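Single-structure report; data block below.
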Amino acid sequence: SLVFQAVFNLLIPDHAADAFSPPRLGAPGAWDALLERLLGGLARWDGEHFLFIAEHGYLLEHNCAFLPLFPLSLRLVAALLPLPLRPRSRLLLSAALLNALLAALAAVALLGLGRAVLRDRRQAFLAALLFSLSPAGVFLAAAYSESAFACLAFGAMWRLEKGQDCLSGLLFSLAAAARANGLVNAGFVLYSRARRFALQLQGGSAPLLWKQLLSLASSAALMCAGIFLPFVLFQYYAYVRFCSPGTGLAQSVPKPLLQLARDKGYRVAGTAGAEPPWCSQRFPVVYSYIQDTYWNVGFLRYFELRQIPNFLLALPVTLLCSWAAWTYVSTNPRHCLTLGLERRKTEERGKARDGFCGPAVFVYVVHSTALLLFGFSCMHVQVLTRFLGSSSPILYWFPAYLLQEHEPLLQSTRTDNPKSGKPLLGKSACSCGKGTSDNPVVRLLLNWRSLTPLSKSILGFFLGYWLLGLILHCNFFPWT
């Protein structure tokens with residue numbers, strides 16, 4: 001991704017986009033110019049906001065739409081780089097290095113989560129490989145918070161599945177400090193406690209019912225409070241910074257930034273003037289105000305004829321996640337009607353279905369469907385691909401399930417192609433009989449002509465969006 005974005009950024013002129021573009025402070029040196037040419041494609045669109053916040057803090061009101069964990073991490077990593085670069089260049093390099101690490105850790109966390117939930121090592125491995133070719137791949141590499149959120153969210157889900165409640169709660173809390181949709185992850189904690197209580201009831205432990213209920217309810221409340229705490233504290237920080245009387249902060253702001261604020265109508269922190277409207281609300285939440293005022297985010301606001309191209313851009317991920325939900329519900333109707341709280345006979349005998357349609361996947365299907373419905377109706381619909389790609393394992397588990405169930409090349413353990421009788425490419429002799437010794441995605445790509453139309457569609461979506469994202473996003477063209 002880093003190599004391709006550099007090549008595309010050098011070959012293709014940047015689009016003149018009407019996006020946030022703060023002035024660069026300080027004279028660039030030779031190393032700054034080189035770094036900008038090599039990694040400048042990672043600092044497009046929202047990446048400019050994250051780098052600006054990491055360098056200057058929450059100086060402008062609309063910067064508060066971006067939560068602080070990722071900018072703080074960039075500032076910390078940049079402080080550890082003793083390089084002769086201006087601050088922005090160090091932050092840009094920090095973003096590339098940090099997200100490369102976090103994306104790899106997110107793939108590891110998804111692999112562990114898949115093994116715990118799917119109980120199918122091959123399917124979990126294939127899903128982790130698909131994550132490495134995510135259709136949201138450009139955002140996992142760019143100066144965005146997607147890699148940090150995916151790493152923390154998948155890690156928290158994994159730890160929750162392993163029964164490590166304290167570590168899971170901490171990771172969920174950090175995820176909520178990276179992206180606002182991390183608040184939805186409190187549902188995993190509540191469902192985990194509800195299921196544990198329901199199974200205890202079915203186990204016949206009624207005499208201690210009230211003690212168990214009190215214990216589970218109190219632990220769930222504490223974990224949920226911990227998940228919401230970073231978001232609440234940040235709203236309070238924004239209130240103090242923008243709703244308090246003028247503090248003279250603007251006097252220390254560089255003149256080019258003040259001029260930018262005047263030209264664009266941005267509200268600067270600590271300046272005297274009219275109080276922002278959100279400050280007088282009963283519960284002053286700057287995040288929802290910014291989404292509404294600056295980006296016109298709201299229920300069905302995006303349903304306009306001129307937005308049809310953006311709906312088409314979101315169509316593949318919408319169809320994929322909708323198909324995943326339908327497949328799961330149609331395969332497990334009773335399990336879904338009982339919300340997965342009823343112990344099935346197959347579970348009691350230790351013969352529960354493995355893979356995507358297994359009982360433990362239910363809560364993840366609900367989670368992805370809820371995000372899909374919210375994103376489709378209330379957000380800029382084109383962001384659905386990266387929104388779901390960094391939040392829900394379903395986007396990788398379901399395609400892995402489809403490939404494993406319907407692609408003959410993955411079902412066959414022989415070295416011969418069952419269709420043509422020719423040797424199967426991408427499978428070495430030493431890997432015969434060892435499903436984890438070779439890379440199934442590489443094997444599929446090397447045998448592209450032999451794939452089924454379904455496999456070509458899935459891999460085409462992943463690779464196509466991965467490549468188009470690097471071409472378009474890194475040159476300031478509109479993308480997901």
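Over the chain, calculate the relative contact order: mean separation of alpha carbon pairs under 8 Å at least 6 apart, over the residue count, as a percent.
Answer for the chain is 22 percent.
Segment residue 180..residue 37, full-extension length gain: 48.3 nm, with 0.36 nm per residue of separation and the alpha-carbon distance subtracted. Available extension along the chain between residue 442 and residue 341 is 32.4 nm, counting 0.36 nm per residue and deducting the alpha carbon span. Over the chain, accessible surface divided per residue gives 46 Å², non-protein components excluded, 1.4 Å probe. Extending 7 Å from the Cα toward the beta-carbon at both residue 259 and residue 463 defines two label points whose distance is 4.9 nm.
Largest to smallest in accessible area, the residues 191, 144 fall in the order 191, 144 (1.4 Å probe, all protein chains included).
Taking the C-alpha atoms only, the angle from helix 30-39 to the longest principal axis of the chain is near 40 degrees. Among 234, 316, 271, whose Cα projects farthest towards the positive end of the dipole of the stretch 219-317, with charges put on the beta-carbon of Lys, Arg (+1) and Asp, Glu (-1)? After comparing all options, I get 271.
A Cβ-based charge dipole, computed about the Cα centre of the stretch 56-167 with Lys and Arg at +1 and Asp and Glu at -1, lands at about 300 debye. Taking a ≥ b ≥ c as the square roots of the Cα gyration tensor eigenvalues, with a/c under 1.5 meaning rounded and otherwise prolate when a/b beats b/c, else oblate, which class fits the stretch 1-114? Verdict is rounded for the stretch 1-114.
With each label modelled as a point 7 angstrom along the Cα→C-beta vector, the residue 81-residue 25 pair spans 1.8 nm. Is the stretch 1-46 best put as rounded, prolate or oblate by its Cα gyration tensor, with a ≥ b ≥ c the root eigenvalues, rounded for a/c under 1.5, and otherwise prolate when a/b is larger than b/c, oblate when not? Because a/c hits 1.5 or more and a/b fails to exceed b/c, the stretch 1-46 counts as oblate.
A simple charge model with +1 on the Cβ of Lys and Arg, -1 on the Cβ of Asp and Glu and nothing else charged puts the dipole of the chain at about 1140 debye relative to its Cα centre.
Working from label points 7 Å from Cα in the Cα-to-Cβ sense, the residue 252 to residue 311 distance is 4.9 nm. Placing +1 on the Cβ of every Lys and Arg and -1 on the Cβ of every Asp and Glu, with no other charges, gives the stretch 1-87 a dipole of roughly 260 debye about its Cα centre. Diagonalising the gyration tensor over the Cα atoms of the chain and scaling each eigenvalue by 5 before taking the square root yields semi-axes of 40, 31, 20 Å, largest first. Simple rule: put +1 on each Lys or Arg Cβ and -1 on each Asp or Glu Cβ in the chain, find the dipole, and look at 368, 201, 79; the Cα lying farthest toward the positive end is 201.
For residue 304, the accessible surface of its heavy atoms amounts to roughly 70 Å² (probe 1.4 Å, protein chains only, rounded to the nearest 10). Considering only DSSP states other than H, G, I, E and B, which trypsin sites (Lys or Arg not before Pro) in the stretch 7-105 qualify as loop sites with at most 13 other Cβ atoms within 10 Å? Taking the stretch 7-105 and a limit of 13 other Cβ atoms within 10 Å, the loop trypsin sites (Lys or Arg not before Pro) found are 24.
Were the residues from residue 48 through residue 281 laid out at 0.36 nm apart, the gain over their Cα-Cα distance would be 80.9 nm.
Computed with a 1.4 Å probe over protein heavy atoms only, the accessible area of residue 224 comes to about 20 Å². Computed across the stretch 140-214, the Kirkwood radius stands at 13.7 Å (inverse of mean 1/r, all Cα pairs). When the charge dipole of the chain is built from unit charges on Cβ atoms (+1 for Lys and Arg, -1 for Asp and Glu) and taken about the Cα centre, the candidate among 254, 99, 22 whose Cα reaches farthest toward its positive end is 99.
Ranked by the mean number of other Cβ atoms within 10 Å of their residues, highest first, the peptides 116-122, 448-454 fall in the order 116-122, 448-454. Relative to the longest principal axis of the Cα atoms of the chain, the long axis of helix 121-132 makes an angle of roughly 20 degrees. Rounded to the nearest 0.05, the FRET efficiency derived from the C-beta distance between residue 100 and residue 222 at R0 = 35 Å is 0.50.
The values are calculated or read from the model by the stated rules, or taken from the named source; none is laboratory data. Just so it is clear, the structure is predicted and the values come from calculations on it, not from any experiment. For neighbour counting, all protein chains shown are included, and Cβ atoms are generated from backbone atoms with ideal geometry for every residue, glycine included. The accessibility values were calculated without ligands, DNA or RNA, using every heavy atom of the protein model including side chains. Shrake-Rupley method; radii C 1.70, N 1.55, O 1.52, S 1.80 Å.
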